[in-house]
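Below you'll find the structure, written out as structure tokens, and then a few comments.
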Amino acid sequence: MDFAQLLEFKWSIMTPEFIILGVATLLSLLDLFMPGKTDRKILGWIAVAGIAAATVSLAGLVGEETTSILYDTFRLDSFAKAFKFILLIGSLFVLLLAISYDKKDGLAEFTGEFYYLFLTALLGAMFMSSSGDLITLFVGLELLSISSYILAGMQKKNLKSNESAMKYVINGGISTAITLFGMSYIYGLTGTTNIKGMASVLSALYDSQQIYLLGLAFFMLLVGLSFKLASAPFHMWAPDVYQGAPTPVTAFLSVVSKTAGFIIIIRILVAVFGSTPSSMEQGSAPLLIHLQDYIGFLAGVTMIVGNVVALRQTNIKRMFAYSSIAHAGYILVAFTSMGYFTFDAIWFYLLAYVFMNIGAFAVIQLIGAKTGSEEIADFAGLYRRAPILAITMAVMILSLAGFPGTAGFIGKLNIFMGAFAGEPAHYVLASIMIATTVVSYFYYFGIMTQMFFRPAADSSKFNIPVALVVVLIGSVIGTVLLGIAPNIALDFLHDNFNQFKDFLQ
């Protein structure tokens, strides 16, 4: 490839990625040359400005036709644009959490590194959403993963943080190896790493032995990527990492990293196995449909384990780790259904999850900074000490529990209805979803009981930083607005992204 060919590519479709890359580079240089005692909080505000600029540039690309560059390794399609909005909004909120975070356990001296490593992780997730090739997809995945490993262990003087980072690295390495092994099978059968090219080759595949090998590849990819989603039984790293990591990193892993996990699952499994015949018979169902019962089993186990084990937790971050596992199960129900509105349901639920989960972590961060611990009992009497803060947390909890009038209710309703829209309908999964949602009320309302009906051990007031005020207000508005008027988001999705019909064009 010569210089003239490079200039012919339409580089403008990578504007959001270039902005994030440029800001991350700038922050690394500023942190290097700034005096050691200078407050690094200004770097956080520069990162916020960079994400805001990337979001504006992405909004300018909404009307852009489906375009691919670098020999179809980078694609700007409806899928990429829609999910990048979730990644950028979630990252913006998490950065505001990080700016307000009380630096302790040695984290203060690594504040600068935190911000540009965070942007690097975001850049990896954005590349995953636009990847049209297994190589770029894997590079984006590892860019996200390696940055996340470091972020999880940045509190060097905290033993829990060290332990969580070690477990995260070990589990991440295992999942990466399994995922790569599955990818190698697909490459060996198709002779290409291009996802569109793979789909084209596999759509004409009718050899029983090769279909069997593809089935093995499917299970390896499903297992490897299940580690990234923290779906049961591959979830054991999540509670320790969520508890040991700084609260902004925990929020990042629960929202942005989980969204990236579903991005890679949809990119690979739908594009590759959704076009592969399941047998040598003409007109047979795609392999993905043939194997959807296994995804359904994973979804059912994940919902049950996440919600049941959460009942026994006393640490709020561990409880939210199991809550996050349960929510991964809900989204897997939508993926199992594989109906006409599957993408819509997944996108809406992930968007709603950004608002309700980050809003909850903002309150958790405030309570942790005030009390010095992260136990559920620390929420006792919050309504008497800070009524608005308690009401805000209650809105987030009601949404996570799926109560009417909140974004979480609409998200679960979309998934629930989608379970019946497929053929055949998934009655068992829908029943498990209802039962586990009822179970979740017990641990969610346990927090409500502490806030509204238990006496406060401390009567001192809260000093809420401006950045956290922005997060709390934005989370409440997003949660309530999407619950009362969900068509605002769904109409935006349908009008601008054409329901992902250009996924493989």
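Would the stretch 194-265 count as rounded, prolate or oblate if I go by the C-alpha gyration tensor, calling it rounded below 1.5 in a/c and otherwise prolate when a/b exceeds b/c, oblate otherwise? Can you show the working numbers first?
Values: a/c = 6.01, a/b = 2.36, b/c = 2.54.
Because a/c hits 1.5 or more and a/b fails to exceed b/c, the stretch 194-265 counts as oblate.
Estimate the FRET efficiency between M236 and A49 by the formula 1/(1 + (r/R0)^6), using the beta-carbon distance for r and 30 Å for R0, to the nearest 0.05. Efficiency, rounded to the nearest 0.05: 0.20. List the lysines whose alpha-carbon lies under 18 Å from that of K157, not counting same-chain residues fewer than 8 positions away? Qualifying lysines at Cα under 18 Å: K103, K104, K167.
First check a/c for the stretch 97-255, with a ≥ b ≥ c the square roots of the eigenvalues of its C-alpha gyration tensor; if it is under 1.5, answer rounded, and if not, answer prolate when a/b is larger than b/c or oblate otherwise. In terms of gyration-tensor shape, prolate.
The base-10 log of I(q)/I(0) for the chain, evaluated at q = 0.07, 0.11 Å⁻¹, reads -0.36, -0.90 [Debye formula, identical scatterers on Cα atoms, solvent excluded]. With a ≥ b ≥ c the root eigenvalues of the C-alpha gyration tensor of the stretch 371-505, is it rounded (a/c under 1.5), prolate (a/b larger than b/c) or oblate? Note, shape of the stretch 371-505 comes out oblate. The aspartates and glutamates within cross-link reach of K37, meaning a Cα-to-Cα straight distance under 12 Å and a gap of 8 or more places when in the same chain, are E109. Each Lys or Arg adds one and each Asp or Glu subtracts one; over the other residues with Cβ under 13 Å from the Cβ of K10, this totals -3. Restricting attention to the stretch 291-505, the count of lysine pairs at 8 or more positions apart or across chains with alpha carbons under 27 Å apart stands at 5. Taking every full run of DSSP H in the chain, the ones that stretch at least 24 Å from end to end by Cα along their long axis and average 0.5 or higher on the Kyte-Doolittle scale are 15-33, 41-60, 78-100, 111-130, 134-152, 208-229, 292-310, 316-337, 342-371, 427-453, 466-484. Compared with the direct C-alpha span, the chain from Q209 to A425 gains 74.7 nm at full extension, assuming 0.36 nm per residue.
Would you mind checking K160/K228; K81/K196; K41/K81 for any pair whose Cα atoms are more than 26 angstrom apart? Working shown, then result.
Values: K160/K228 21 Å; K81/K196 18 Å; K41/K81 30 Å.
In this structure, K41/K81 exceed 26 Å between Cα atoms.
Can you grab the distance from the C-alpha centre of the stretch 19-94 to the C-alpha centre of the stretch 296-329, Å, no decimals? The stretch 19-94 and the stretch 296-329 have Cα centres separated by 31 Å.
Taking each residue as 0.36 nm, the span from T38 to V56 lengthens on full extension beyond its C-alpha to C-alpha distance by 3.4 nm.
K10: which aspartates and glutamates have alpha carbons under 15 Å from its alpha carbon, excluding same-chain residues fewer than 8 sequence positions away? Output for K10: E64, E65, D72, D77. If you bin every alpha carbon distance in the stretch 419-475 into 10 Å steps from zero, what whole percent lands in each bin? Taking every Cα pair in the stretch 419-475, the percentages come to 17, 21, 29, 19, 12, 3.
Each Lys and Arg Cβ is given +1 and each Asp and Glu Cβ -1; about its Cα centre, the stretch 291-505 then shows a dipole of about 760 debye. Basic side chains Lys and Arg get +1 at the Cβ, acidic Asp and Glu get -1 at the Cβ, and with that the dipole of the stretch 236-384 about its Cα centre reaches some 360 debye.
Among F219, F409, F234, which comes first, then next, by fewest other beta-carbon atoms within 10 Å? Let's see the in-between values first.
Values: F219 13, F409 19, F234 23.
So the residues, fewest neighbours to most, are F219, F409, F234.
Just so you know, all these numbers are worked out from the coordinates, no wet-lab data involved. Model, not experiment: these values are computed from the prediction. All Cβ positions, even for glycine, are placed from backbone atoms using ideal geometry, and neighbour counts span all protein chains on display.
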